[in-house]
Amino acid sequence: MTIVRVALPVPLPQVFDYAAADATEADVGRCVKVPFGRGDRNGLIVALGNTADVEPARIKTVHHIQREVPALPADWLALVDFVARYYHAPLGEVVALALPPGLRRADGVSDADEDPLLEIGEAGRRALADARRPSKALLLLQALAAEPGPWRRSVIRAMAGGEAVGDVLRRGWLTAIQDEGRVAALASGAQPELTAEQARAIEAIVGGGAGFRPWLLHGVTGSGKTEVYLRLAAHALAQGQQVLMLVPEIALTPQLEQRVAQRFAAANVVSLHSALADGARSRGFVQALTGRADIVLGTRLAVFAPLPRLGLILVDEEHDASYKQQEGVRYSARDVAVWRARQRGVPIVLGSATPSLETWYHARSERYALQTLSQRAVAATLPAVHCIDTRRLKLDEGLSPGLQAAIGQRLERGEQSLVFLNRRGYAPVLSCPSCGWVSRCPHCSANLVVHLADRRLRCHHCGCDGSIPHACPSCGNQDIQPFGRGTQRIEARLAERFPQARVLRVDRDAARTRAQWEKLLDTIAAGEADILVGTQMMAKGHDFPRLTLVGVIGADASLHAADFRAPERLFQQLMQVGGRAGRGTLPGTVLIQTEYPGHPLYQHLGRHDFDAFARMALQERRSAGFPPFTHQAMLRADAPALDDAVEFLRHARRLAEALAPEGLRLYDPVPMRMTRLARRERAQLLIEADQRGLLQAFLLSWIEMLYRQRTARELRWQIDVNPLEV
Ligand code: ADP
Ligand code: ZN
Ligand code: ZN
C-alpha cells in the first residue's frame, strides 16, 4: 500500500496520511480529493508516507488524484513549507492560499490560450493590397499594419476600433503565432531614451549578474522606475526567463498593466490577483507552472506563482502595507519574494520613492545593493512643498484661504488640483449637541460614518449600515449634526465654492468596482475633471500631467498616533501623494495644512529629504527598541467576551514564561486599540527578541503548545510574525 501525505486547509498544524494504491513519487505536488470528517476535502500531496507510521485499519483512501495538471515542483513545495514555518501557519492553509481555488477543487483546468498572439497573415496582406470598400475590420487592419507587430488579441481589443478584432479574425486576416518562444522578448511600442540615472541603474543591476542579489531601487516620484523595471524585464525575457512583477493593488494600477502589455505585446503576460474569476486565475497559474507565461504581474498572492524559468523578481512600491496579508496566514509578499529570490538564485529589485524603513536599513547596512534615481524623468523638478499654518486661520469647511486661492489659480490656468484627505464619507460621526449622543457602531468600538451621498450611516470596520435618523435616537432633538469632515463634505464645499469647476471625488465609495475606477482614471486623464478630492487611492502610482497642485488636509491626526509606524506611514503617504503634482512639464506645488508647520516630519518632506527622515525615524526606533532593531510577533485572541480573550493570552503567557529563553521579552496581554470589531472583543500579547532566530525557535515550541490547549468556546487566536500594527 502506498501512503500519501496530504496538506489540507484545516486549522491544524499537521499533514494527513491517506492510502493511494497507484500513487508514485510523480504525484507529489498534485492536488487530491480525500474524505475528511463527514465530507470531502481538497488538498495537496506534499510527500509520500511510510506505511510503518500508520495503523492500516484507520487509514482512508484518496478519492481522486488530479493528474491533468502538472505536479507542483519541489521548489514550490519548499516555498509553501517555508511560509508555513516562518509565519507559523498550518501548511494546508498556506497551500489553500497559494493555489487558485479552482485548481484545488480539481476542476478541469485548461491552460489553452485565450489570448493568442496575432500577426498579419497572407490573407491580411492581400486585403491591404486590394483597394476594398473600407470597413471597420479593414480600418483596424490598416491601423495594425502601421505598427510593428505582433499583438495579443487583448491589446488589439483595447485599441481604438478594437471591437472589430473578431471580424478581422473571422476573415483570416490575422493569424495566431504558434512558436511564441521566438518573439516573447520583442519589445514593441515606443521606448523612451533612458535618463542617465536610469541607464546607470539598469547597467548596474544587469551587470550584477544572474545570481541572487537584492536591490533597492530608490527613485523619487516620477523618476521613471517603471521604465527601469520594463528594461530589466526585457533583458530577462531575452534570456528566455520568466519575470515576476508584484504590485500592491492591481485595482489601483490598470495603467501599469496596460504599459506592460503594450511594451511586451508579444510576451504572454499573465495577471494574477484575487479579483479574477476562478477560471482565469487557475488558467494563469497553470500557464505560469507550465512555463508558458513570460511575465506574471500580480498582487501579493502572485508571489506563489510557480515559475520554472524564473529569472527576475520586481516588487513595485515595496513599502506598501498591502503586501502584508492582514488575516489568515499573515505573510508579507515582499519578504517572501526576497526569500524566493534567494532560493531560486535570481536578482530581486525592490522599488519605491519611500522605501520601508526595514528595506532602507538593509540598504544602508549593505545587505541590499542600492540604486538611486534622484531626478524626475520628465519634469524638471520635484514639486515645491509649503505648509499652511492653520493655527490662526479661519477655515471654511476645513479649507484655508491659501489653499482655496491656489485652487482658483489652477482653474484659471486650466490645470488640475487634488485635495487629499484620507477619510471617506461626509463626516466621521453624527452627534446630538443637546444630549451628547454620537452614532456608535453597535458591533465595534468605532463610530458610524455619515454618508450623505446615499443617506446612510455606515461602519467602515464591520460594514454594517442603517439610514440616517431624522432626530436624535436618545432625546428626540431634531437638530443632529454631522461632526468633522470626510471627502464627500469637502467635495460638496468645493462644488459650492467653485461652481464653474468639475469636482470629482475619488475614494472607495466612488470606485467600488474596477470598471468604475478605470472610468474615473480615464476621466481624470482626459482632463474632464478640474478638482479632485481623493483618499490614499489617489496616492499611488498615477501619472496625470496636468495635475499641478496637491492640497493636504487633516494630516496632523497621524502625527501623534500611538502606533510607532504612524510617522513612517504619514511621511510615505504625503511624499507619494505630493509626488502626483507636477509630473509633466508643468511645475507642481504641494500645500499642507497643519498646526505644526515646524514639525521635523514636515520639514524633511519640504526638502524631499527621505534619507534625513529615515535617519531620524530609525534613530528613534533604535533608542525605543523597535523594529528593525528588534523582531516582533503578536499573539491575538478574540472572543465574544473580552475576559475570555485576555484570559487565554494570560494563560499563553504563563506557558511562554516556562519556555522563554534568555533575551526574549514577553509583554502583558492588553485589549487591542480598537477592542471591539464585528461583535468580537480583541486582545493582544506582544513578544520581542533581538535575534530573529531566538524568536522563531521559541515560537515553534510555544505555538505547538497553544494548539494543544483547550480554549473557551468561540475563542479564536492567531499569531502574526512581523506585525505591521502593534
Ligand atoms: P515612478 O514610478 O518612478 O514614479 P514613472 O515610471 O511613472 O515614475 O515615470 C514617470 C513618467 O516619466 C511617466 O510618464 C513615464 O512615461 C516617463 N518616463 C520615464 N522614463 C522616461 C524617459 N527615460 N524619458 C522620457 N520619459 C520617461
Ligand atoms: Zn440627543
Ligand atoms: Zn462596526
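Does Pro11 fit the bill of being on the phi < 0 side of the Ramachandran plot, surrounded by fewer than 20 Cβ atoms within 10 Å (Cβ to Cβ) and not in a strand (DSSP E or B)? Criteria met by Pro11.
Kindly evaluate Ala280 against the criterion of being farther than 30 Å from Glu366 by Cα, more than 16 Å from ligand 1 (Cβ to nearest atom), among the hydrophobic types (A, V, I, L, M, F, W, C) and buried (at least 24 other Cβ atoms within 10 Å of the Cβ).
no
Among the small types (Gly, Ala, Ser), part of a loop (DSSP other than H, G, I, E, B) and either exposed (fewer than 15 other Cβ atoms within 10 Å of the Cβ) or more than 16 Å from ligand 1 (Cβ to nearest atom) (or both): does that describe Ala515? It is false that Ala515 is among the small types (Gly, Ala, Ser), part of a loop (DSSP other than H, G, I, E, B) and either exposed (fewer than 15 other Cβ atoms within 10 Å of the Cβ) or more than 16 Å from ligand 1 (Cβ to nearest atom) (or both). Of the residues making up the stretch 430-451, those that are more than 8 Å from ligand 3 (Cβ to nearest atom) and either of a type outside the set (A, V, I, L, M, F, W, C) or modelled with pLDDT under 95 (or both) are Ser431, Pro433, Ser434, Gly436, Ser439, Arg440, Ser445, Asn447, His451. For the stretch 567-595, name all the residues that are within 12 Å of ligand 1 (Cβ to nearest atom) and farther than 19 Å from Thr354 by Cβ. Across the stretch 567-595, the qualifying residues are Gly584, Thr585. With the requirement that a residue be under 16 Å from the mean Cα position of the chain (by Cα) and either part of a strand (DSSP E or B) or within 21 Å of Gly408 (Cβ to Cβ) (or both), what does the stretch 532-549 give you? Selection gives Met538 alone.
Kindly evaluate Ser271 against the criterion of being under 29 Å from Ala158 (Cβ atoms) and without any contact (Cβ under 8 Å) to a residue 60 or more places away in the chain. When the stated conditions are applied, Ser271 passes them. Taking the stretch 328-413 and the strands (runs of 3 or more DSSP E) fully enclosed by it, the elements with 3 or more residues that are in contact with a strand residue (DSSP E or B) (Cβ under 7 Å, 6 or more places away or on another chain), under 30 Å from Glu193 (Cβ atoms) and in contact (Cβ under 8 Å) with a residue 60 or more places away in the chain are at 347-352, 369-373.
Remark: pairs (first residue in the stretch 472-489, on the phi > 0 side of the Ramachandran plot; second residue of a type in the set (Lys, Arg) and within 16 Å of ligand 1 (Cβ to nearest atom); Cβ separation under 7 Å; 6+ apart in sequence or on different chains) are absent. Once the stretch 216-226 is narrowed to residues that are within 6 Å of ligand 1 (Cβ to nearest atom), not basic (Lys, Arg) and not in a loop (DSSP other than H, G, I, E, B), the residue that is surrounded by the most Cβ atoms within 10 Å (Cβ to Cβ) is Gly219. Within the stretch 131-153, being among the charged types (D, E, K, R) and in contact (Cβ under 8 Å) with a residue 12 or more places away in the chain holds for Lys136, Glu147, Arg152, Arg153. When Ala106 is tested against (1) over 17 Å from Ala164 (Cβ atoms); (2) buried (at least 19 other Cβ atoms within 10 Å of the Cβ); (3) modelled with pLDDT of 75 or more, exactly one condition is not met: (3). Does the stretch 229-249 contain any residue that is touching a residue at least 40 places away in the same chain (Cβ under 8 Å), more than 23 Å from Asp335 (Cα to Cα) and among the acidic types (Asp, Glu)? No, because not a single residue in the stretch 229-249 is touching a residue at least 40 places away in the same chain (Cβ under 8 Å), more than 23 Å from Asp335 (Cα to Cα) and among the acidic types (Asp, Glu). Quick check, is Gly39 out of contact with any strand residue (DSSP E or B) (no Cβ under 9 Å at 6 or more places or on another chain) and farther than 22 Å from Ala288 by Cα? Answer is yes for this residue.
For the stretch 511-524, the condition holds for no residue, the condition being that it is in contact (Cβ under 8 Å) with a residue 24 or more places away in the chain and among the polar types (S, T, N, Q).
The strands (runs of 3 or more DSSP E) found entirely in the stretch 14-129 that carry 3 or more residues being under 30 Å from Ala267 (Cβ atoms) and not hydroxyl-bearing (Ser, Thr, Tyr) are 117-120.
Kindly indicate the residue of the stretch 441-495 that is surrounded by 15 or more Cβ atoms within 10 Å (Cβ to Cβ) and among the basic types (Lys, Arg) and also nearest to the chain's Cα centre (by Cα) among those meeting that condition. This residue is Arg458. Among the residues of the stretch 33-67, which ones are surrounded by 15 or more Cβ atoms within 10 Å (Cβ to Cβ) and among the small types (Gly, Ala, Ser)? Those that are surrounded by 15 or more Cβ atoms within 10 Å (Cβ to Cβ) and among the small types (Gly, Ala, Ser): Gly43, Ala47, Gly49. When we screen Gly606, Gly598 for residues that are over 18 Å from Ala321 (Cβ atoms), free of Cβ contacts under 8 Å to residues at least 40 places away in the same chain and away from ligand 1 (no atom under 16 Å from the Cβ), the only hit is Gly598.
Residues considered: Ala187, Ala210. Of these, the only one that is more than 13 Å from ligand 1 (Cβ to nearest atom) and either under 23 Å from Arg364 (Cα atoms) or at pLDDT 85 or above (or both) is Ala210.
Yes/no per residue for (1) outside any loop (DSSP other than H, G, I, E, B); (2) under 16 Å from Arg376 (Cα atoms):
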residue: Leu194; (1), (2): no, yes
residue: Gln198; (1), (2): yes, yes
residue: Val206; (1), (2): yes, no
residue: Pro214; (1), (2): yes, no
residue: Val228; (1), (2): yes, yes
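In the stretch 414-459, the qualifying residues are those that are assigned to a strand (DSSP E or B), without any contact (Cβ under 8 Å) to a residue 60 or more places away in the chain and of a type in the set (S, T, N, Q), and the one that is nearest to ligand 2 (Cβ to nearest atom) is Ser431.
Of everything listed in (1) under 22 Å from the mean Cα position of the chain (by Cα); (2) modelled with pLDDT of 85 or more; (3) within 10 Å of ligand 1 (Cβ to nearest atom), the single unmet condition for Glu197 is (1).
With respect to the conditions (1) more than 16 Å from ligand 1 (Cβ to nearest atom); (2) closer than 30 Å to Thr221 by Cβ; (3) surrounded by 16 or more Cβ atoms within 10 Å (Cβ to Cβ); (4) modelled with pLDDT of 95 or more, Asn422 lacks only one, and its number is (4).
The values are calculated or read from the model by the stated rules, or taken from the named source; none is laboratory data. Note that the coordinates shown come from a computational prediction; the quantities given were computed from them, not determined experimentally. All Cβ positions, even for glycine, are placed from backbone atoms using ideal geometry, and neighbour counts span all protein chains on display.
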